[in-house]
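Please read the structure below before turning to the comments.
No lab work stands behind these numbers, since they all come straight from the coordinates. The model shown is predicted, which means the values in this text are computed figures rather than measured ones. Please note: Cβ atoms are built from the backbone with ideal geometry, for glycine as well, and neighbour counts cover all protein chains shown.
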Amino acid sequence: CDRESALCRGGAGGIPRGLPPRLATLSLVRWHIEVLAEGSFRHTPTLQLLLVTAGSLGTIGDGAFAGLVFLEYLFIEDNEVGTIEPTALRGLRGLLFLSLANNRLETLPQGLFQGLETLSHLDLRGNPFRCDCRLRWLLSWLGTVPSSPETAGRCRSPSPHQGTPLAHLDPQDFQCQRAELRPFQSLPFSSLGAESFTLGGHQGVALAQPFAGACALLEWDQLAGRFRAPTIINSSSPVACHPLPLGGSLLVVVAQLRGGSWVWRRSGGPGATFVRHQSLGAGRLRRPHAVATARLGGHLYLGVADSSKGGTSTVFRWGGRGFYPHQTLRAWHRDTHLEFLELGGRPALVVCSGARRPLVYRWSGGVFTPHTDIPHVPDVYAAKHFRLRGHVFLCLTRFLGDAKVMRWEGSMFREIQQVPARGSMIFQPLTLSGHRYVLLGNDFALSRVFRLGPEGHLEPTQELLVPTPRAFVPVTIGQRHFLVASSFKGATQIYQHMTIDLEA
């Protein structure tokens, strides 16, 4: 040890004291220290080279090198370093050469090298780097400093990148954002159904509340920054409140178990009163279970599934002043759901019935005619369709069996995937913020969220705690995206669709 350099071997208990005040070089070899805390070298402010090697150093804390404004060469090699805090190198504005070789670093905190404007060489060899989103920032940063593929280090994991030099990885290969649904609000009432509509550029959701005997209209409270759901229609055990914008008016088809089903109309804007417009079906609907609408050949059609033993599902057509019976479907089928869609360029209708296979109708001569059934799937409760890459897919819900994803093959539906779904009554495809999902509700377990793969296959992503869910509806408010989940026996839940940055 002289006035400008010091070599310390085999010591312990912290950074040695009593060193010359104008020391330029300090080497700590086999020096047993576990943590470099903030300001560890304040007593040697003139250091230009610092070597810590062959020791047991495990953590480099924030501001560990504070005050070393003249330091140009820093070697932390052949130690046990597994953690470096984000601002550990803060203040080293003259650093030219940094070596962290042969340690136990799996990742480095983002922004670690911020402010090291003069750094010209970086050595990261011999570290078990995990090359994932947390290291993506480093891959981009390496392109700004001259370093060879070898000195930049290699990946130890995951297996697709094992052994690959960091300098050979493309940051664009890492998908570092994940979409997630997070609880936003709980509404203090149960609901059997939820259906969305758009009128005047604004989106809304109609909620059927059979226990409260009401239809509610979900709307956004701008001042409170939350949703509210005032009652718009009082009814008797509604099973569906189907909203239907028509010109400047809003119709709501209220299918109810008692007192007949009705069409209500609101002629004014938000806040205007709904009035009864029409009795639907004149008593022919005994136990309505589901409602759907579609425009076919320039006309508006309304389908109502009737689940009573002697009931008949009916298709109505809008005649300018009301809906009038257009066609009755097969009787005695106890239908639970119907879905309008297009197959091969022609309108079609899928009807689900208790104890029978789903029946596919095709539009011909102004009516729906039976075309085929869907084999091997009895007891289908509901069917929901989506389109992907020109193909039509059908999601079939079964309370006592596996849910099915089917694809239309020109003359019939063919199964492409099945999902365990005992206790499920909703299997809903939808789009949130450009992401395509299928949600599987469950009465006895957590509901599951699946991401829709490129070929129509489902990839599980998340689970939601929604008791007895009956509908999932996406809602967009400005730049924010929400999911409304109706619950038959619990509180109606609202989730916000968030994008999570995995680099953080």
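Tell me, what HN-Hα J-couplings in whole Hz come from the Karplus equation 6.51 cos²θ - 1.76 cosθ + 1.60 at θ = phi - 60° for each residue of region 47-54, using x for Gly and Pro? My calculation for region 47-54 gives 4, 10, 9, 10, 10, 10, 9, 6 Hz in order. More than 23 angstrom separation, counting every C-alpha pair in region 5-174; what % is that? Cα-Cα pairs in region 5-174 separated by more than 23 Å: 37 percent.
Length gained on full extension, Ala224 to Asp62, computed as 0.36 nm times the residue gap minus the Cα-Cα distance: 54.2 nm. Summed over all non-identical Cα pairs, the Kirkwood treatment of region 192-425 gives a radius of 18.6 Å.
Contact order for the chain, expressed relative to its length and based on alpha carbon pairs under 8 Å spaced 6+ residues apart, stands at 8 percent. Computed on region 390-504, with alpha-carbon pairs under 8 angstrom and 6+ residues apart, the relative contact order is 15 percent. Rg and Dmax of region 128-270, based on Cα coordinates, read 27.3, 80 Å.
Ellipticity at 222 nm from helices only: DSSP H runs of n ≥ 4 in the chain, each -39500 (n - 2.57), divided by the residue count, give -500 deg cm²/dmol. Simple rule: put +1 on each Lys or Arg Cβ and -1 on each Asp or Glu Cβ in the chain, find the dipole, and look at Val405, Ser235, Cys155; the Cα lying farthest toward the positive end is Ser235.
Out of (i) 20, 36, 20, 19, 5, 0; (ii) 20, 42, 27, 11, 1; (iii) 23, 52, 22, 3, 0, which label holds the value of P(r) over Cα pairs in 20 Å bins from 0, in percent that was computed here? Entry (i). Summary value for region 5-174: 14 percent relative contact order, contacts being C-alpha pairs under 8 angstrom separated by 6+ residues. Let a ≥ b ≥ c be the square roots of the eigenvalues of the Cα gyration tensor of region 346-395; is it rounded (a/c under 1.5), or, if not, prolate (a/b larger than b/c) or oblate? Note, shape of region 346-395 comes out oblate.
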